[in-house]
1. For segment 78-125, which positions are in contact with a Gly (Cβ under 7 Å, 6 or more places away or on another chain) and of a type in the set (Val, Ile, Thr)?
2. Considering only segment 95-103, I want to know if a residue exists there that is buried (at least 16 other Cβ atoms within 10 Å of the Cβ) and in a loop (DSSP other than H, G, I, E, B).
3. If a residue must be closer than 15 Å to Lys217 by Cα and not in a strand (DSSP E or B), how many such residues does segment 174-196 contain?
4. In segment 31-72, what count of residues is obtained for those that are open to solvent by less than 80 Å² (accessible area, probe 1.4 Å) and outside any strand (DSSP E or B)?
5. Please specify each residue of segment 134-178 satisfying the condition of being touching a strand residue (DSSP E or B) at 6+ places or on another chain (Cβ under 7 Å), among the basic types (Lys, Arg) and either open to solvent by less than 80 Å² (accessible area, probe 1.4 Å) or farther than 25 Å from Ser207 by Cα (or both).
6. So Gln227 passes all but one of these: (1) more than 17 Å from Leu39 (Cα to Cα); (2) open to solvent by 60 Å² or more (accessible area, probe 1.4 Å); (3) of a type outside the set (A, V, I, L, M, F, W, C); (4) outside any loop (DSSP other than H, G, I, E, B). Which condition number does it fail?
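The values are calculated or read from the model by the stated rules, or taken from the named source; none is laboratory data. A quick note: this is a predicted structure, and the numbers were derived from the prediction, not measured. Cβ placement follows ideal geometry from the backbone for every residue including glycine, while neighbour counts extend to all protein chains displayed. Protein only, heavy atoms only, side chains kept; ligands, DNA and RNA dropped before computing areas. Shrake-Rupley method; radii C 1.70, N 1.55, O 1.52, S 1.80 Å.
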Amino acid sequence: MTPYNNIIKQLLIIIGLVFLSINTLYSENLFKVKSLISLATEINKTVSISSTSEAYRKIEVKSEVTSKIEKILKKKGSFVDKGQIVIKLEEFDSYKKLFENDLISKNEFNKIALMAPFNGIILDGHKIEGELVTPGSSVYEIIDLSKIKIVGYLNENEIKGINIKNKVEVSILDKIIEGTIDYISPIADYNTKTFEISVIFDNLDLSIRDGLSAELKIYKEKIKVHQISPSVLSLGDDGDIGIKVLNQNNEVIFKEIVIIEDTSDYMLISGLEDKENIITIGQQYVSSGDKVETE
């Protein structure tokens, strides 16, 4: 080996040692943070609405004739079947004979019969025997609780992706009941800018009554989310809410997020990759582009 080659070799060794010293010095000055590898999970995005229960049907049966009440056959709170006579008017028997002899139409007979339009429960018990009724006056009120209706209102962002096929759960009386979307308003309310949505479910045992507090949970499309502690949140340069993560080179990256669910213990967020190295401690002291060390 020539003296020239020896000199080159020694210079390379010296340069290498210099770079090693610089890297060591730089490494020791990097800010240290703690991070956690987070893997996304798939869930259904949901929308929740607080509301109250309503009877599936509730109507007032009104008189179409002028007559007197001869007898009240079903009192307030009584269960009646469709077609059953609830209040008997004075002319009922004579109309019945005419109908049975085909002298009047069924429509004419129904005017005096005041039969229950569906299976239900009688509500109004204010009428008394001998009282005069006139056309248009309310004779009794009937309610159908065989199904329950829950009405709620969604804003323009919440209504996106919702149709009558979406799965719905109703929380009421400490029960979780699966419901069906019965109606979605095609237009927004002029004042509130919200869309009405109606959900129904079977209540054959009549255990759910009208006017109970209820909550609807409507399941939308599937999304991937990360579960984080609220303490890891950061603000971006534009004031956007997000988190700071590390890439493969341990460089800090700020990522804006969408909060899907917020509880006192954790948050579910979207807008991230399936796998993220999230900074959990020290994120407030570093900025995007910074290179850091992890403990």
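1. Result: Val80, Ile121, Ile122.
2. No, the conditions are met nowhere in segment 95-103.
3. 1
4. The qualifying residues number 3.
5. Lys147, Lys149
6. For Gln227, the exception is condition (1).
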